[in-house]
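Here is the structure we will look at.
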Amino acid sequence: MKKKKVWKTPSSEKLALSTDELVRKTLCDIREGRHLFCHNEDRLFELLEKQVELIDSIENPEVKLELLARFLNTDGILAEFDYEDFAELYTDMASYFVEEAETFENKEYLAALVHDLALNHTGEDGRSAVFLMVENFLPKERLTPLFEEILETVETHNLENAESVLEALCDMADCVQNTEIYERARLLQDPDRSNSTLLDIANFCLTAKDIASTKRLLGAVTLPQAEDLEDFLDLRIAVLEVENRKSEMIALAEELYERFPKEMHLGKLCSIVSIERRSALLDNYIKYHSGTNISVGFLQILVAFNEIECLEVYLNQKGDEQLTTLPAETLSVLVEELEDKGADKLAARIREWIVEEPEDLRE
């Protein structure tokens, strides 16, 4: 008797798949851009939400982590859709991965998943939270060989996404404040060792409290100009502060503010000079650098240093009505600070011009 032929259809094949196999296939199709819904924003989002539900139902923690990593590996779609809900979904899934990983005991398996996430990084933010929180679930002794493995892969293979892989490595180095790995990764991104790259690494080393490396990198900067010069001077001031070389720090802070008369540099300078010099700086700023519009940053400086008279002069010059252009929440904080300092009259003057944003607009 002739055997009846059975035709296999996509639907019948799906029915034969287990939950994890179905999710795995769907996520692979999305990542490769071959799923039917890849060009339909609404249908794709609904499909991804369905995958989340299916992953939730998986009881095996190892399989669940693998599927979460596969989900994050589809974040290349974030470049295609300007849809806030997509970004929020991937942020939630990255947090989900970290939460599951924190209680998972097989660290080698986790390291392999992170290795895969790094080497397949698309440059989008969907998976970045995993790299920035890697210390939460991997011990430092396992991270060091992981970093080396990723660096070796970048150095020995011509990866199309090498820049993104190195960004992932920088994020992980940032998480654990590993200055050596951060520097090596950044210099692979910029073999020419531009001033901006050297300054970025120096800033990272300063944040990690590696002053020796910070000074070494600053010493390698050559003839900085414009923004590079501003960053260079700012970092040198920070090093001098750590080394408690106050007179040199003040001299350099004066130079920085003279070259780049910005409020952030003014605030820093005011915090380290004498009261007399501070008053002169603030008066000079109001006369020559404050422009035509009121500045919330300058208001914050005046309140922080309890320069009440100077604040009154500034308000008189700009006009109280300009306060209506500033954020109500920020002004309310300044008013509270003024009240704490006993400047009740001035606080009331400012409060009168606070314009609360309608609740429906805030939402």
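The values are calculated or read from the model by the stated rules, or taken from the named source; none is laboratory data. Predicted model only: the values in this text are computed from it and were never measured. Here the Cβ is made from the backbone with ideal geometry for all residues, glycine too, and neighbour counts use every protein chain on show.
Please go through region 124-137 and give me each residue that is touching a helix residue (DSSP H, G or I) at 6+ places or on another chain (Cβ under 6 Å) and not in a helix (DSSP H, G or I), ordered by number.
Result: Glu124, Gly126, Arg127, Met133, Phe137.
What are the residues in region 80-109 that are under 18 Å from the mean Cα position of the chain (by Cα) and of a type in the set (Asp, Glu), if any?
Glu84, Glu88, Asp92
May I ask you to list the residues in region 260-313 that are of a type in the set (D, E, K, R) and part of a helix (DSSP H, G or I)? Working first, answer last.
Narrowing region 260-313 to residues of a type in the set (D, E, K, R): 262-263, 268, 276-278, 283, 287, 307, 309, 312.
Of everything in region 260-313, those that are of a type in the set (D, E, K, R) and part of a helix (DSSP H, G or I) turn out to be Glu263, Lys268, Glu276, Arg277, Arg278, Asp283, Lys287, Glu309, Glu312.
Considering Ser194, Ser271, which residue is among the hydroxyl-bearing types (Ser, Thr, Tyr), within 30 Å of Ala328 (Cβ to Cβ) and surrounded by fewer than 16 Cβ atoms within 10 Å (Cβ to Cβ)?
Working: Ser194 fails: within 30 Å of Ala328 (Cβ to Cβ).
After ruling out the rest, the residue left standing is Ser271.
Would it be correct to say that Leu256 is touching a helix residue (DSSP H, G or I) at 6+ places or on another chain (Cβ under 7 Å), surrounded by 14 or more Cβ atoms within 10 Å (Cβ to Cβ) and more than 30 Å from Asp231 (Cα to Cα)?
Numbers: touching a helix residue (DSSP H, G or I) at 6+ places or on another chain (Cβ under 7 Å): yes; surrounded by 14 or more Cβ atoms within 10 Å (Cβ to Cβ): yes; more than 30 Å from Asp231 (Cα to Cα): no.
No, not satisfied.
Okay, residues lined up against (1) assigned by TED's automatic domain parsing to the domain that holds Ala112; (2) not in a helix (DSSP H, G or I):
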position	(1), (2)
Arg142	yes, no
Glu148	yes, no
Asn158	yes, yes
Cys170	yes, no
Ile181	no, no
Arg184	no, no
Leu188	no, no
Asp192	no, yes
Ile201	no, no
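Specify which of the listed residues (Leu252, Leu269, Leu256, Leu282) is hydrophobic (A, V, I, L, M, F, W, C), modelled with pLDDT of 95 or more, in contact with a His (Cβ under 8 Å, 6 or more places away or on another chain) and not assigned by TED's automatic domain parsing to the domain that holds Ile354.
Values: Leu252 fails: in contact with a His (Cβ under 8 Å, 6 or more places away or on another chain); Leu269 fails: in contact with a His (Cβ under 8 Å, 6 or more places away or on another chain); Leu282 fails: in contact with a His (Cβ under 8 Å, 6 or more places away or on another chain).
Criteria check complete, one pass: Leu256.
In region 153-166, is there at least one residue being farther than 16 Å from Ser128 by Cα, charged (D, E, K, R) and out of contact with any Pro (no Cβ under 9 Å at 6 or more places or on another chain)? I'd like the intermediate steps shown before the answer.
Pass one, region 153-166, residues farther than 16 Å from Ser128 by Cα: 153-160.
So of that shortlist, the ones also charged (D, E, K, R) come out as 155, 160.
Adding the requirement that they be out of contact with any Pro (no Cβ under 9 Å at 6 or more places or on another chain) leaves 155, 160.
Yes, region 153-166 contains a residue that is farther than 16 Å from Ser128 by Cα, charged (D, E, K, R) and out of contact with any Pro (no Cβ under 9 Å at 6 or more places or on another chain).
Quick one: in region 56-84, of everything that is crowded, with 18+ Cβ neighbours inside 10 Å, among the aliphatic types (A, V, I, L, M) and in contact (Cβ under 8 Å) with a residue 40 or more places away in the chain, which residue is nearest to Val114 (Cα to Cα)?
Among those that are crowded, with 18+ Cβ neighbours inside 10 Å, among the aliphatic types (A, V, I, L, M) and in contact (Cβ under 8 Å) with a residue 40 or more places away in the chain, it is Ala69.
Can you tell me how many residues in region 201-240 are surrounded by fewer than 16 Cβ atoms within 10 Å (Cβ to Cβ) and either touching a helix residue (DSSP H, G or I) at 6+ places or on another chain (Cβ under 8 Å) or of a type outside the set (Gly, Ala, Ser) (or both)?
9
Restricting attention to region 215-258, and to residues there that are basic (Lys, Arg) and part of a helix (DSSP H, G or I), which single residue is nearest to Leu187 (Cα to Cα)? So that I can check it myself, show each step before the final result.
Looking only at region 215-258, we keep the residues that are basic (Lys, Arg), and these are 215-216, 236, 245-246.
Filter again for part of a helix (DSSP H, G or I), leaving 215-216, 236, 246.
On the way: Lys215: 17, Arg216: 15, Arg236: 21, Lys246: 33 Å.
That would be Arg216.
Collect the residues in region 134-148 that are within 14 Å of Leu110 (Cβ to Cβ) and surrounded by 11 or more Cβ atoms within 10 Å (Cβ to Cβ), keeping them in residue-number order. Even if it seems obvious, please write down each step before you answer.
Step one: of region 134-148, the residues within 14 Å of Leu110 (Cβ to Cβ) are 134-143, 145-146.
Selection gives Val134, Glu135, Asn136, Phe137, Leu138, Arg142, Leu143, Leu146.
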